[in-house]
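None of the figures in this text is laboratory data; all of them are computed from the coordinates on show. Predicted model only: the values in this text are computed from it and were never measured. Methodologically, a virtual Cβ is constructed for each residue, glycine included, from the backbone with ideal geometry; neighbour enumeration extends over all protein chains shown.
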Amino acid sequence: MMVLSDIAAQTVKDSRIERCERHGEYESRLLYAGKHQDYRTGCAQCAAESRAAAEAKRIADEAQAEIARKQATLTRRLDRACIPARFAGRSFANFIADSEPKIAALQAAQHFAETFAERKAEGSSLVFSGRPGTGKSHLACSIARAVIDGGCTALYATARDIIRMLRQTWERDAERTESDVLADLVRVDLLIVDELGVGFGSDAEKLQFFDVLDGRYREQRPIVVLTNLDRAGLSAFIGQRAYDRLREAGTWVPFDWDSYRGRAK
Ligand SMILES: [Zn+2]
């Protein structure tokens, strides 16, 4: 196929007036094209319109592809965040805040999510402390959602999951080393650690958990810790050094009310 610049350079063999149904009369030229077949030009306005339409389609396709790419990234990040299915639909909007302390907890969570860029710069953390079923995971997963929507990465894991992830690397045919997993746990923009206070307790496990906390502390990366323990209990459970790391950068948010569980919703 000939391109326009080839045609422009060719000799005009004849010229006549043709009529375009849409644009009226136009000059149609028969161009001598050497070894190619002679070429008769059509309506210039039709040609311009079809070029413009093709360009508009190209831009629209590109925008569509960009939206699809962003959506795929978002989906991938949500998948990787490992938010448990039962919390997947939880958001700030459907958290029932029917008392002062619940409103305070909701506001602390929302504020953390909304100012995540600053949290990330400072490496500040949250500790949600309260009985099971008080909505700690609900608010933590809402934070993860908001952080991912904002273009960052998040990972939700129970303390037990984290120890298991690190321990699996000790198996003989493990594909990844403990430091690979540790690096991932440190690298993710937001780490949410649920159920800190159950599931581990040996000194070796405490040390592993300290490595995660300390790594994130050193890199100034935010963490949200969910625990059923109070300050003294948490300090005893994870050890003074780890507790100090958390306390230095963290805000303590009490979830000091009865469980939602078993309540009609
Ligand atoms: Zn035309």
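Things worth noting here:
- Residues Leu226, Leu185, arranged from fewest to most other Cβ atoms within 10 angstrom of their Cβ, appear as Leu185, Leu226.
- Cα shape, segment 10-75, gyration tensor, a/c 1.5 rule: oblate
- Calculated from backbone phi, Karplus (6.51, -1.76, 1.60) coupling profile of segment 123-138 in Hz, x at Gly/Pro: x, 7, 10, 10, 10, 9, 10, x, 5, x, x, 9, x, 4, 5, 3
- Cysteines in the chain lacking any other cysteine Cβ under 4.7 Å from their own Cβ: Cys82, Cys141, Cys152.
- Rounded, prolate or oblate (a/c below 1.5 giving rounded, otherwise prolate when a/b exceeds b/c) for segment 143-197 by Cα gyration tensor: oblate
- Tyr26, Tyr156 arranged by Cβ crowding within 10 Å, fewest neighbours leading: Tyr26, Tyr156
- Two-decimal ratio, the chain, of alpha-carbon radius of gyration to 2.2 N^0.38 Å: 1.69
- Note on the chain: Lys pairs 8 or more places apart or on different chains, Cα atoms under 22 Å apart, count 7.
- Signed unit charges on C-beta, dipole axis of segment 76-189, positive-most listed residue Ala113, Leu182, Ala140: Ala140
- Within the chain, DSSP assigns beta bridges of which about 35% are antiparallel (rounded to the nearest 5).
- Structure remark: mean-square fluctuation, Gaussian network model of the chain, C-alpha springs under 10 Å; the largest value among Glu118, Glu219, Glu25 belongs to Glu25.
- Look at Val188, Val12, Val224 and count the other Cβ atoms within 10 Å of each Cβ; fewest to most, that gives Val12, Val188, Val224.
- The string of couplings for segment 169-178 from the Karplus curve (6.51, -1.76, 1.60, θ = phi - 60°) is 6, 7, 5, 4, 9, 4, 7, 10, 8, 4 Hz, one whole number per residue in order, with x for Gly and Pro.
- Taking His23, His111, His138 in turn, the Gaussian network model of the chain (Cα-Cα springs below 10 Å) assigns the largest fluctuation to His23.
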